[in-house]
Amino acid sequence: MTDTTIEQATAAASGAAATEQFRSKQRAGTTDVDTKRVDTLVSDLLSATHEIIRRHKVTYAEYDALKSWLIRVGEDGEWPLFLDVWVEHVVEEVANENREGSKGTIEGPYYVPDSPRLPAEATLPMRDGEQGTALLFQGQVRSVDGTGLAGATIEMWHADNDGLYSQFAPGLPEWNLRGTVVADDQGDFKIHTVEPAPYQIPTDGSCGRLIAAAGWHAWRPAHLHLKVSAPGHQLITTQLYFKGGEHVVDDIASAVKPELILDPSPVAEGTGREVTYDFVLDKA
Ligand code: DHB
Ligand code: FE
């Protein structure tokens, strides 16, 4: 861990990068929502807000605190962080409620498309002497009918041993701990990486101020992010956690599911841990 890296990782900098990343991505349909649907959703959101104000007899001081906090969230670029921590998990639940295959969970604000393509057995791009326990993550991508999926891709991205993501914290190589692994003819893959550290929501921005004001903690458990896809199948966006890790039971982003907890074992030879996890994809 280098102190300079920690010092320079500010909420405003990672917030601005996350906002920029979101804008460049613009999910399909983002700007194309039916008038009737907007009317229904916004009217219900406002009614729920009015009900809360009446029920708790919200004061002008509290209303002004909310107003100034909302202004700050925008200034800090922390809307992607706020929404992905406290709202996205329910959107994901609804989006994937009918899937039969592997469980998904939230994407979070730090995905970057087009990471370097790597062969079926590969090491994620990392620095010489990258800190953290070596991890071999291996498995197979299958269809719900059991067929191994040739040409499946496993995009993986995760924080380093300091809990920092490349392209969102300064001083890290562009694609550090990010890669797109192309599975073999059977859908099999082996990815060598290092275990990430738990991730702390930046404490110096507006989300950090909310967490402090409410007396919450600011942590997500250590996690691997993945997007797994194959021709003719639905892409799955998910995360995997580590059994017994800190905050697995009280993730601030409410994104942990029992099916997503890995239990790696020590490797037979050398140092590090290994784990096998298979992905089952629904047909498109
Ligand atoms: C946030 C960060 C993450 O790494 C994640 O997986 C989800 C949310 C966040 O800061 O909003
Ligand atoms: Fe994350």
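Just a few scattered comments:
- The requirement of being closer than 28 Å to T10 by Cβ, open to solvent by less than 20 Å² (accessible area, probe 1.4 Å) and in contact with a Gly (Cβ under 7 Å, 6 or more places away or on another chain) is fulfilled somewhere in segment 210-220, by at least one residue.
- Taking the criterion of being within 16 Å of ligand 2 (Cβ to nearest atom), in contact with a Ser or Thr (Cβ under 6 Å, 6 or more places away or on another chain) and open to solvent by 30 Å² or more (accessible area, probe 1.4 Å), no residue of segment 105-142 qualifies.
- Subset of segment 181-219 [modelled with pLDDT of 95 or more and within 14 Å of the chain's Cα centre (by Cα)]: P196, A197, P198, W219
- Neighbours by Cβ (under 7 Å, 6+ apart or cross-chain): first from segment 242-260, closer than 17 Å to I106 by Cβ; second of a type in the set (S, T, Y): V248/Y241; A255/T105; V256/Y241; K257/T105; L260/T105; L260/T238; L260/Y241
- The set of residues in segment 78-104 being open to solvent by less than 50 Å² (accessible area, probe 1.4 Å), over 15 Å from L210 (Cα atoms) and either away from ligand 2 (no atom under 16 Å from the Cβ) or not in a helix (DSSP H, G or I) (or both) consists of N96, G101, S102, G104.
- Segment 220-242 - residue that is polar (S, T, N, Q) and over 14 Å from the mean Cα position of the chain (by Cα) and, of those, farthest from ligand 2 (Cβ to nearest atom): Q234
- Hits in segment 237-284 - residues which are touching a Ser or Thr at 6+ places or on another chain (Cβ under 8 Å) and either within 30 Å of W216 (Cα to Cα) or within 16 Å of ligand 1 (Cβ to nearest atom) (or both): T237, T238, Q239, A255, V256, K257, E259, L260
- Qualifying residue in segment 111-118 (condition: closer than 28 Å to I211 by Cβ and among the basic types (K, R)): no
- Of all residues in segment 243-265, those being on the phi > 0 side of the Ramachandran plot, within 16 Å of ligand 2 (Cβ to nearest atom) and open to solvent by 60 Å² or more (accessible area, probe 1.4 Å) number 1.
- P198 being touching a residue at least 40 places away in the same chain (Cβ under 8 Å), open to solvent by 20 Å² or more (accessible area, probe 1.4 Å) and in contact with a Gly (Cβ under 9 Å, 6 or more places away or on another chain): yes
- Yes/no for Y277 being open to solvent by 30 Å² or more (accessible area, probe 1.4 Å) and aromatic (F, W, Y): yes
- Of the residues examined, L149 is not one that is of a type outside the set (K, R) and either open to solvent by 60 Å² or more (accessible area, probe 1.4 Å) or within 16 Å of ligand 1 (Cβ to nearest atom) (or both).
The values are calculated or read from the model by the stated rules, or taken from the named source; none is laboratory data. Bear in mind that the values here come from a model prediction, so they are computed numbers and not experimental data. All Cβ positions, even for glycine, are placed from backbone atoms using ideal geometry, and neighbour counts span all protein chains on display. Just the protein is used for accessible areas: all its heavy atoms, side chains included, with ligands, DNA and RNA removed. Shrake-Rupley method; radii C 1.70, N 1.55, O 1.52, S 1.80 Å.
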